[in-house]
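Structure, as structure tokens:
The values are calculated or read from the model by the stated rules, or taken from the named source; none is laboratory data. For clarity, every value in this text was computed on a predicted model and none was experimentally measured. All Cβ positions, even for glycine, are placed from backbone atoms using ideal geometry, and neighbour counts span all protein chains on display. What goes into the accessible areas is simple: the full protein's heavy atoms, side chains included, and nothing from ligands, DNA or RNA. Shrake-Rupley method; radii C 1.70, N 1.55, O 1.52, S 1.80 Å.
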Amino acid sequence: MLRTLRLDPVLIQAVIAGALSFAHLHDLAAAAGQDGWKAWAYPVSVDLLLVAAWRRMRKDGGNRDAWLWFAIALIASLGANVATAGLLDMNDVPDWLRILVAGWPALAFLGGTLLAHAPTPEPAPEPTADPGHEAAVPDLVVEPVPDPAPELPPAEPALREPPSTPEVTPEPVTPAPAASVPPALLDHARKIANAHHAQTGAPIDAATLRARLGIPAPLADSIALQLA
């Protein structure tokens, strides 16, 4: 099966621009006294430094060294393009330009070495969740908070049993009504009962409730009946 070769306009434009920039750098290096293979090595050096700095910027956008060497290589490439556009006499190159061209290999070597040995930031490891093991739930430890004991209402007198006579069958004894419990004390007792049930799995009894709240036994029994 034949594969169709598609020409990307962006790729064609990049090849043309690279070839022109390569030729301008070669002409400038040759005019500055770098003849033969040395004139062809200058464009390669500039373009490689430009690519190395760009790749370092892709990996670490905050690397200032990469931005610095990218700017230096870009200035060298743009400078050659502008200088060969008729603004510079290629037959009479100034001395300062000859010095810059002669010193470029050392500068490019330094930049390439720093970019090659720059530490690459490692991505932060993502937490991996193990579906087979759930996170351990810490045991709930509830400590009783000492609250000021509320004032207890006076206990209601128990109902007296009616006098029994031999002729009348005695009626069942009516149990004494539960002591009145303040709402705040009942809410606090409910919290303690819920915590006790979460720890032990069993409802709290009147004795435990009495010890936690520090209240009399009748009031503890009344609260236990209301929480049941």
- Test A39 against the stated conditions and say whether it is surrounded by 12 or more Cβ atoms within 10 Å (Cβ to Cβ), touching a His at 6+ places or on another chain (Cβ under 7 Å), in a helix (DSSP H, G or I) and modelled with pLDDT under 85. yes
- Message: I'd like to verify a number: residues in region 52-71 that are in a helix (DSSP H, G or I), more than 24 Å from H26 (Cα to Cα) and either aliphatic (A, V, I, L, M) or open to solvent by less than 30 Å² (accessible area, probe 1.4 Å) (or both), how many?
- Response: 3
- What about L74, is it assigned to a helix (DSSP H, G or I), under 19 Å from H24 (Cβ atoms) and open to solvent by 40 Å² or more (accessible area, probe 1.4 Å)? yes
- Note on the structure: Checked pairs for region 36-59, first in contact (Cβ under 8 Å) with a residue 12 or more places away in the chain, second charged (D, E, K, R), C-beta under 9 Å and 6 or more apart or across chains, list as A39/D27; A53/D65; R56/D65
- Evaluate the following for V46: is it open to solvent by less than 30 Å² (accessible area, probe 1.4 Å), out of contact with any Asp or Glu (no Cβ under 8 Å at 6 or more places or on another chain) and outside any helix (DSSP H, G or I)? no
- Query: Is it fair to say D27 is within 25 Å of L115 (Cβ to Cβ) and surrounded by 13 or more Cβ atoms within 10 Å (Cβ to Cβ)?
  - Reply: no
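Yes or no, residue by residue, for (1) modelled with pLDDT under 75; (2) open to solvent by 100 Å² or more (accessible area, probe 1.4 Å):
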residue	(1), (2)
G79	no, no
M90	no, no
L115	no, no
T120	yes, no
D139	yes, yes
